[in-house]
Amino acid sequence: MEDAPFEEFFDDFCQRISCCGQYWDHILGYWKAIQERPERILLLKYEDMKRDARYNVKMLAEFIGYPFTIEEEKAGTIENIIKLCSFENLSNLEVNKSGKHRPEEPISIENRIYFRKAKDGY
């Protein structure tokens, strides 16, 4: 399975097979937790992050209790974080080109599989 193409992983995923257990059960657990304690869980969507990264990075910083100061905002700290966390930057790191997720486990997935096209939608 280590060298299986992405489509095989996706087919398994659609049939609720995942190296981390039942995917939809996993998601349902988060959904229940959001309903019970909304102040403790922040739900960020990829599409929203792409649409307005600056706003969402600020919201995340506030949520975890470390809002940006005016000085940090003026210095471009938010933009620097967005650049460091960009698809282009992360996908070009050597660890994400040749490293593996959970290499000590029987089913090890190459990190590069997590980086596709950085596009939302279908």
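A compact table of results
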| read-out | value |
| --- | --- |
| Residues located in the range 64-119, provided they are modelled with pLDDT of 80 or more and touching a Ser or Thr at 6+ places or on another chain (Cβ under 7 Å) | 68 |
| So residue 50, is it touching a residue at least 40 places away in the same chain (Cβ under 8 Å), in a helix (DSSP H, G or I) and closer than 22 Å to residue 115 by Cβ | yes |
| Check on residue 122, of a type outside the set (S, T, N, Q), at pLDDT 95 or above, out of contact with any Asp or Glu (no Cβ under 6 Å at 6 or more places or on another chain) and not in a strand (DSSP E or B) | no |
| Output for the range 50-63, where each listed residue is hydrophobic (A, V, I, L, M, F, W, C) and either at pLDDT below 90 or more than 16 Å from residue 80 (Cβ to Cβ) (or both) | 59, 63 |
| Leading residue by the ranking (farthest from residue 66 (Cα to Cα)) among those in the range 81-117 that are out of contact with any Cys (no Cβ under 8 Å at 6 or more places or on another chain), among the charged types (D, E, K, R) and not in a helix (DSSP H, G or I) | 104 |
| Any hit, the range 55-66, residues being part of a loop (DSSP other than H, G, I, E, B) and surrounded by 12 or more Cβ atoms within 10 Å (Cβ to Cβ) | no |
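The values are calculated or read from the model by the stated rules, or taken from the named source; none is laboratory data. This is a predicted model, so every value here is computed, not measured. We place every Cβ from the backbone using ideal geometry, glycine too, and count neighbours over all the protein chains shown.
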